Amino acid sequence: MKPIERINMYLQFRSISPHSFEKKIGLSNGYFKKQLRNLGSVGSDILIKIDSMYTELDILWVLTGQRQMITPPSDYLNDTNSMHVDEFMSKYEAENRKMKTLESDVEKLQVVLKDKDKIISLYEVITSSKINSASPDSFSQAMPNQ
């Protein structure tokens, strides 16, 4: 199998269209398909572009078929990803605790607000019943003569 065929295999594996591949590495439109059809060779300048743009693709596999298509992540990458995951998880847990505290505070405030509304309603009932029960005579007695 030739390198051009291995590149095509990778593109199919990742569902990358030949057009987007050509565009990403700076090839002219239709170049890759023509090379594939004729089982042409791939120049070193194109291989360098492929290696820089598709870092997970093992360039030795493209050239020789040895090793695997996808480069396994190095321990450094695993450690870095692990640190990012741990950092994300700790931030998520902290934000989740804050959210739970805020939700609890909102619930408490809603209870206080309902109590306040009840007190205001009772006050309005008491005030309106005092006004309604007061007779015009008692109202005029409360007012001084002029």
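For segment 30-59, give me each residue that is under 11 Å from Pro3 (Cβ atoms) and surrounded by 12 or more Cβ atoms within 10 Å (Cβ to Cβ). Passing the criteria: Gln35, Leu36, Gly40, Val42, Ile46, Leu47, Ile50, Ile59. Taking helices (runs of 4 or more DSSP H) as the structural unit, those lying wholly within segment 32-143 and holding at least 3 residues that are modelled with pLDDT under 90 and under 40 Å from the mean Cα position of the chain (by Cα) correspond to 75-133.
The values are calculated or read from the model by the stated rules, or taken from the named source; none is laboratory data. Worth saying up front: this structure is predicted, and the values here are computed from it rather than measured. Neighbour counts run over all protein chains shown; Cβ positions are idealised from the backbone, glycine included.
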